[in-house]
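Trainee: First the structure, which I've put down as structure tokens, then a few questions once you've had a look.
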Amino acid sequence: MNESKDLLISDQWIVSKRGPKNNIDPRKPYAWLVEKERAASGSVVDTGIIFLTNSECTFHCLMCDLWKNTTDYAVPAGSIPDQIEWALEKMPDVKHLKLYNSGSFFDIRAIPEEDYPRIASLVNHLETLIVECHPRLIGERCIQFRDMLMPQLQVALGLETVNPDLLLRLNKKMSLNDFATAVGFLKTHEILSRAFILLRPPFLNEEEGIFWAQRSLDFAFRVGVECCTVIPVRGGNGAMEYLRDQGHFSSPDLRSLEMVLEYGIGLNEGRVFADLWDLNLFSSCQGCFEKRAARMNEMNLNQVIPELVFCNCKVPEGSEMITA
Ligand code: SF4
Ligand SMILES: [Zn+2]
């Protein structure tokens, strides 16, 4: 990657690179879906995801594009439970649900505490509830909400990378110690955690991207997360396109994601998933794309490492040195 230390990444700089937000209806979730996921019990279960329309996250992480479907103002009390109710009425019956609000569930500017009891009553027939939150916003409110819940609560936390310089440049406003403290707090209070880990954030080449994703998996399990999701980094928020044009960012190759997923499952420390959305963005070979996508889906669902896919396409530079 080109020299990039002179680039001053700040909230202001990140926001200045943005395009417009999407048109959204603040009374409805901007999307919902049901997907298969391997549960902690080992069975493959239908898991609902509701993408809640909420106010914009106050953090401005370099790689984040979730602001696109957010409002510029706080949504009124009652809006989030209304959205959950609306989506659950449409969704097939599920026992496992993710509530993603493009920010932090436990940020009172996003979801007021007065909404917790109604949210809990809407989800109390479930077995698992997963919400997302910035590690620095983990605290007493998690316990307050957990105490109203019947399902097992899991909180998804962005670890992103354990490369400390890079974590700083991602503008995450979090240290590795903040992350470990959040996981420890949740664990003490019988709340599970899941880590989001980035594969090849900006300023890394392919080899470094694989290396740091693997070290991030090591760290996440060491501090006590129950499962990890590896997310191949994509563009789409303006800042990433700028960095791509300047030679500071390239999306990872599909085979790197495959290798990191193999590595994570091989650790045998907990469930490891690869984020398979928009997977074709990361493949340059139509000859093996379908087979690799199916292989990764199998790894996600069964947490085993199937036979390799062989193809004549070029292996990403450096990646063969890392996985031995
Ligand atoms: S904390 Fe999460 S939602 Fe907020 S800007 Fe960072 S990545 Fe996006
Ligand atoms: Zn190929």
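Read the figures in this text as sums done on the coordinates, not as results from a lab. Keep in mind that this is a model prediction, so the values were computed, not measured. Every residue, glycine among them, receives a Cβ derived from its backbone with ideal geometry; neighbour counts consider all protein chains shown.
Trainee: Rounded to the nearest 5, what % of the DSSP beta bridges within the chain are antiparallel ones? Please report the intermediate quantities before stating the final value.
Mentor: Numbers: 8 of 40 bridges.
Of all bridge pairs located within the chain, approximately 20 percent are antiparallel.
Trainee: Is the stretch 122-264 best put as rounded, prolate or oblate by its Cα gyration tensor, with a ≥ b ≥ c the root eigenvalues, rounded for a/c under 1.5, and otherwise prolate when a/b is larger than b/c, oblate when not? Don't jump to the answer; show the numbers that get you there.
Mentor: On the way: a/c = 2.05, a/b = 1.94, b/c = 1.05.
Prolate is the answer for the stretch 122-264, as a/c is 1.5 or above and a/b outweighs b/c.
Trainee: With a cut-off of 8 Å between alpha carbons and a minimum separation of six or more residues, what is the relative contact order of the stretch 149-293 in percent?
Mentor: Working: 211 pairs, mean separation 32.3, N = 145.
Answer for the stretch 149-293 is 22 percent.
Trainee: Still on this structure: Name the longest site-free stretch of the chain, where the excluded sites are chymotrypsin sites (Phe, Trp or Tyr not before Pro) in a DSSP loop with no more than 14 other beta-carbon atoms within 10 Å.
Mentor: My reading of the result: 74-276 is the longest stretch.
Trainee: If you don't mind, there's one more thing I want to ask. Between rounded, prolate and oblate, where does the stretch 2-76 land on the alpha carbon gyration tensor, with a ≥ b ≥ c its root eigenvalues, rounded for a/c under 1.5, else prolate if a/b exceeds b/c?
Mentor: Details: a/c = 3.14, a/b = 1.47, b/c = 2.14.
Taking the square roots of the gyration eigenvalues as a ≥ b ≥ c, the stretch 2-76 is oblate.
Trainee: I've got another one for you. Could you list which residues have their amide H under 5 Å from that of ALA156, counting only those 5 or more apart in sequence or on another chain, with H placed in the peptide plane?
Mentor: VAL131, GLU132, CYS133, ARG194
Trainee: Here's something else I'd like to know. When the Karplus curve 6.51 cos²θ - 1.76 cosθ + 1.60 is applied with θ = phi - 60°, which whole-Hz ³J(HN,Hα) does each residue of the stretch 18-24 get, with x for Gly and Pro?
Mentor: 6, x, x, 6, 7, 6, 10
Trainee: Under 8 Å for C-alpha pairs, at least 6 residues apart: give me the relative contact order for the chain, rounded to a whole percent.
Mentor: Numbers: 604 pairs, mean separation 50.0, N = 324.
That works out to 15 percent.
Trainee: Mind listing the long-range amide H neighbours of SER55? Cut-off is under 5 Å, sequence gap 5 or more, other chains count too, H placed in the peptide plane at 1.01 Å from N.
Mentor: For SER55, the qualifying residues are THR71, VAL75.
Trainee: Here's something else I'd like to know. Which value at 222 nm does the chain reach when only helices count, each DSSP H run of 4 or more adding -39,500 (n - 2.57), with the total divided by all residues and rounded to the nearest 500 deg cm²/dmol?
Mentor: Numbers: 10 runs with 105 residues, N = 324.
It comes out at -9500 deg cm²/dmol, rounded to the nearest 500.
Trainee: Ordered by residue, what ³J(HN,Hα) values in Hz, to whole numbers, does the stretch 103-112 give under the Karplus form 6.51 cos²θ - 1.76 cosθ + 1.60, where θ = phi - 60° and Gly and Pro are x?
Mentor: x, 10, 4, 8, 8, 5, 6, 8, 10, x
Trainee: What length, rounded to one decimal in nm, is gained on full extension from TRP277 through to MET148, with 0.36 nm per residue of separation minus their alpha-carbon distance? Don't skip to the end; give the middle numbers.
Mentor: Details: separation 129, 0.36 × 129 = 46.44 nm, distance 3.25 nm.
Stretched out fully, the TRP277 to MET148 stretch lengthens by 43.2 nm.
Trainee: Let me ask something else about it. Roughly speaking, what is the centre-to-centre gap between the stretch 195-247 and the stretch 50-80 when only Cα atoms are used, to the nearest Å?
Mentor: Answer, in whole Å: 22.
Trainee: So what is the relative contact order for the stretch 1-143, in percent, with contacts set as C-alpha pairs under 8 Å and at least six apart? Could you put the intermediate results ahead of the total?
Mentor: Values: 218 pairs, mean separation 33.5, N = 143.
Dividing the mean separation by the residue count of the stretch 1-143 yields 23 percent.
Trainee: Report the rotationally averaged projected area of the stretch 121-169 based on its alpha-carbon convex hull, in square nanometres. Walk me through the numbers before you get to the answer.
Mentor: Numbers: hull surface 16.5 nm².
The Cα convex hull of the stretch 121-169, projected and averaged over all directions, gives 4.1 nm².
Trainee: Further, regarding this structure: When DSSP beta bridges are limited to those with both residues in the stretch 23-143, what percentage is antiparallel, rounded to the nearest 5?
Mentor: Details: 8 of 19 bridges.
Restricted to the stretch 23-143, the bridges split so that about 40 percent are antiparallel.
Trainee: Just the isolated ones, please: cysteines in the chain lacking another cysteine beta carbon under 4.7 angstrom.
Mentor: By the Cβ distance rule, which asks for a partner under 4.7 Å, the isolated cysteines are CYS57, CYS133, CYS142, CYS227, CYS228.
Trainee: Give me a comma-separated list of calculated 3J(HN,Hα) values for the stretch 143-151, in order, Karplus coefficients 6.51, -1.76, 1.60 applied at θ = phi - 60°, integers in Hz, x for any Gly or Pro.
Mentor: Running phi through 6.51 cos²θ - 1.76 cosθ + 1.60 with θ = phi - 60° gives 6, 4, 6, 4, 5, 8, 9, 8, x Hz.
Trainee: Follow-up. Go ahead and set up a Gaussian network model of the chain, Cα springs under 10 Å, then flag whichever of ARG295, ARG222, ARG146 fluctuates most.
Mentor: Result: ARG222 has the largest fluctuation of those listed.
Trainee: Report the extension gain between LEU8 and ALA77 in nm, rounded to one decimal, defined as 0.36 nm multiplied by the number of residues separating them, less their alpha carbon distance. If you can, show how the numbers build up before the last one.
Mentor: Details: separation 69, 0.36 × 69 = 24.84 nm, distance 3.74 nm.
Between LEU8 and ALA77, full extension yields 21.1 nm more.
Trainee: Please work out whether the stretch 197-324 counts as rounded, prolate or oblate from its C-alpha gyration tensor, where a ≥ b ≥ c are the square roots of the eigenvalues and a/c under 1.5 means rounded, while otherwise a/b larger than b/c means prolate and anything else oblate?
Mentor: Details: a/c = 1.63, a/b = 1.17, b/c = 1.40.
Since a/c reaches 1.5 but b/c is at least a/b, the shape of the stretch 197-324 is classed as oblate.
Trainee: Which of these, ASN280, ASN297, ASN312, has the largest mean-square fluctuation under a Gaussian network model of the chain (Cα springs below 10 Å)?
Mentor: Of ASN280, ASN297, ASN312, the most mobile in the Gaussian network model is ASN312.
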